[in-house]
Amino acid sequence: MNLQSVKTIYLAEMSRSLRTVLQSIVSPVVSTSLYFVVFGAAIGSRISEVDGVSYGAFIVPGLIMLMLLTQSVSTASFGIFFPRFSGSIYEILSAPISYLEIVLGFVGAAATKSLILGLIVLGTARLFVPFTIQYPLVMLLFLVLTALTFSLLGFIIGIWADGFEKLQLVPLLVVTPLTFLGGTFYSIDMLPPFWQTVTLLNPMVYLVSGFRWSFYGSGDVSIWASAFMIVAFLGVSLAVVNWIFKTGYRLKP
Amino acid sequence: MTISFNHLPTATPEAGAALGEAEATGSPMIQVEQLDKVFEGGFQALKNVSLEIQRGEIFALLGPNGAGKTTLISVICGLVRASSGTVRVDGHDNVADYRQARAMIGLVPQELTNEAFTTVWDTVSFSRGLFGKPRNPVHIENVLRALTLWEKRNNRLLELSGGMKRRVLIAKALAHEPKVLFLDEPTAGVDVELRREMWEVVRQLRDQGVTIILTTHYIEEAEEMADRIGVILRGELVLVEEKAALMRQLGRKELTLHLDHALEQVPAALAGHDLALSEDGHALVYTYDVTRQEEGTGIAGLLADLEATGIRVKDLHTRQSSLEEIFVSLVRERA
């Protein structure tokens, strides 16, 4: 393992986030905080409890998950897309490093950034809404696995995209809507029976539910179903990345 | 401008000794064998290319646009996958032993491909780390000073001129102390002064034992720099020649003698000279070799014989075929 190379890519990506601290860190924290203010404190005060917790507390795990998913995807996709766009990818592809090391550098940095953001938003949420975390280790595990999995997805998108439009396509038109409809703001018990069944086809339901379970000990689906889903996501993402490097898809003609 | 690479690690006595040992083995630095590349869609960019590049030489690869120069470099550097054939760098297969092979190579691409928002120092240091080398600020400083980039080390790349950006690409390629340097059109779009500065840089690197392969459109560049020249046309390597041998071809000149009266044929008295008669009979064309200084060009003898035969010359001129003409005629021959 060429750790020096992995460290170099990792630190370069992390310093890119720091260079653009307003866009990378402050902006998602502010926008998520606004959700807490509007839905948690303002509107939430007029909504009764959901699944035994206040509405403000109920939406905390979902909002953290929403931010985590979108940030993981956009950071990782931009991280690999930009060198492709600028042409400087030649240096990475001609360096004496393996594909695994390239992935570790880029995806590791994107996941770290999302993880840090997730913890910052968690701390910020606590300023607006009182809540407790019943299973902090499970919560951390979910946070890490989700950040990793969706950073891998972002990496795949960054390689697939051949322009800025496609780069934004999946985070804006797939990840965000599915997360919104995946129980971020409501329990699926609140939906009519037909839509409850349809919602179960949305993979985000399992991620949001599992994460919420680590906070309050209850979720829309069983914790094991959530755990299976995140591991399955991770497995599929790893398989696709492996295929990309084996075939040289959009990287090595 | 004086550029000194004397302080670079490649110039150390140890490096020199290592190079000496390697030279003693006589193995080439780069061995390309029967390389083919067919892109998706069926375009064959390389056709059965075999090539050996010796240690410490400057090899110039010439060819028109789309001939396959960049593809060949890209395959050697691992950017493009070969359809068949092998590439060895210092004996290491560039697929099976890609780490060892790639660690020896520095690549300066044709396009100015930089991350605009990073500083010169950061991007050059990044390149070193990417190749698995530990931090070495002294080496980075030496490279930047040698390429007159030191004053710009804290500037972001978007603030630099085109020439400066190209130097940054060279600095990045040298950051990990490569033994082989690929320069893909290094002076494309660069003004004359900077071009000469870059030639000086390349020579100094070669003097320190770095093997250099450059692609160029400028025949002058190949003539000025290269030890050997390869010509690639439509994916085929059609010529690999010592520059000195090509210069011997260049040394052939033509003397055209315009005659007062047309001749029907070359007179028998002049048969000892390499003469050809023009179609209209008004000119005699004499071909000779200027490099054969000791034997003479034969012009004096020819003129004496002409006078003896009574043929009057009203004008004369000479012309020398350039490397460019040889190149162009090669291209035409194979078109």
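Points worth noting:
- 2 or more residues closer than 27 Å to B:Leu46 by Cα: qualifying helices (runs of 4 or more DSSP H) within the range B:187-250: B:219-225, B:243-250
- Within the range A:90-105, if we keep just the residues that are facing chain B (nearest Cβ under 7 Å) and of a type in the set (Gly, Ala, Ser), the residue that is surrounded by the fewest Cβ atoms within 10 Å (Cβ to Cβ) turns out to be A:Ser94.
Results for (1) surrounded by fewer than 19 Cβ atoms within 10 Å (Cβ to Cβ); (2) at pLDDT below 90; (3) closer than 18 Å to A:Phe150 by Cα, shown as yes or no for each residue.
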| position | (1), (2), (3) |
| --- | --- |
| A:Phe194 | yes, yes, no |
| A:Thr197 | yes, yes, no |
| A:Met204 | no, yes, yes |
| A:Gly235 | yes, no, yes |
| A:Ala239 | yes, no, yes |
| A:Trp243 | yes, no, yes |
| A:Leu251 | yes, yes, no |
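Conditions tested, residue by residue: (1) in contact (Cβ under 8 Å) with a residue 24 or more places away in the chain; (2) away from chain A (no Cβ under 13 Å).
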| residue | (1), (2) |
| --- | --- |
| B:Val124 | yes, no |
| B:Phe131 | yes, no |
| B:Val138 | no, yes |
| B:Leu169 | yes, no |
| B:Thr187 | yes, yes |
| B:Glu200 | yes, yes |
| B:Arg206 | yes, yes |
| B:Ile213 | yes, yes |
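- Some residue of the range A:154-161 being small (Gly, Ala, Ser), in contact (Cβ under 8 Å) with a residue 60 or more places away in the chain, part of a helix (DSSP H, G or I) and closer than 19 Å to A:Ile133 by Cα: no
- Screening the candidates B:Leu255, B:Leu259 for the property of being farther than 30 Å from B:Lys37 by Cβ, surrounded by 18 or more Cβ atoms within 10 Å (Cβ to Cβ) and out of contact with any helix residue (DSSP H, G or I) (no Cβ under 8 Å at 6 or more places or on another chain) yields one hit, B:Leu259.
- Given (1) buried (at least 20 other Cβ atoms within 10 Å of the Cβ); (2) modelled with pLDDT of 90 or more; (3) not hydrophobic (A, V, I, L, M, F, W, C), number of the condition B:Arg153 does not satisfy: (1)
- When B:Leu160 is tested against (1) closer than 30 Å to B:Gly230 by Cα; (2) at pLDDT below 90, only condition (1) is not met.
- Subset of the range A:119-169 that is of a type in the set (Gly, Ala, Ser) and buried (at least 21 other Cβ atoms within 10 Å of the Cβ) - its residue that is nearest to the chain's Cα centre (by Cα): A:Ala147
- In the range B:176-215, the residues that are touching a helix residue (DSSP H, G or I) at 6+ places or on another chain (Cβ under 6 Å) and polar (S, T, N, Q): B:Thr187, B:Gln208, B:Thr215
- Failed item, numbered, when A:Ser48 is tested on (1) within 12 Å of chain B (Cβ to nearest Cβ); (2) not in a helix (DSSP H, G or I): (1)
- When the helices (runs of 4 or more DSSP H) confined to the range B:5-111 are screened for residues that are at pLDDT 90 or above and either within 14 Å of another protein chain (Cβ to nearest Cβ) or over 16 Å from the mean Cα position of the chain (by Cα) (or both), those reaching at least 2 such residues are found at B:69-77, B:98-103.
- Residue list for the range B:260-284, filter: assigned to a strand (DSSP E or B) and either closer than 13 Å to B:Thr309 by Cα or in contact with an Asp or Glu (Cβ under 6 Å, 6 or more places away or on another chain) (or both): none
- Test: residue in the range B:110-117 that is within 25 Å of A:Ser15 (Cα to Cα), assigned by TED's automatic domain parsing to the domain that holds B:Glu223, among the β-branched types (Val, Ile, Thr) and in contact with a Phe, Trp or Tyr (Cβ under 7 Å, 6 or more places away or on another chain): yes
- Residue, modelled with the lowest pLDDT, within the range A:1-41, restricted to residues that are within 14 Å of chain B (Cβ to nearest Cβ) and in contact with a Gly (Cβ under 6 Å, 6 or more places away or on another chain): A:Asn2
- Scanning the range A:106-118 for residues that are surrounded by fewer than 23 Cβ atoms within 10 Å (Cβ to Cβ) and of a type in the set (A, V, I, L, M, F, W, C) turns up A:Leu115, A:Ile116.
- Of all residues in the range B:284-295, one or more are over 32 Å from the mean Cα position of the chain (by Cα) and modelled with pLDDT of 85 or more.
- Every residue from the range A:71-89 that is more than 14 Å from chain B (Cβ to nearest Cβ) and either among the charged types (D, E, K, R) or in contact with a Ser or Thr (Cβ under 6 Å, 6 or more places away or on another chain) (or both): A:Gln71, A:Ser72, A:Ala76
The values are calculated or read from the model by the stated rules, or taken from the named source; none is laboratory data. As the structure is a computational prediction, the values presented were derived from the model and not from experiment. Heads up, the Cβs are rebuilt from the backbone with ideal geometry, glycines too, and the neighbour counts pull from every protein chain shown.
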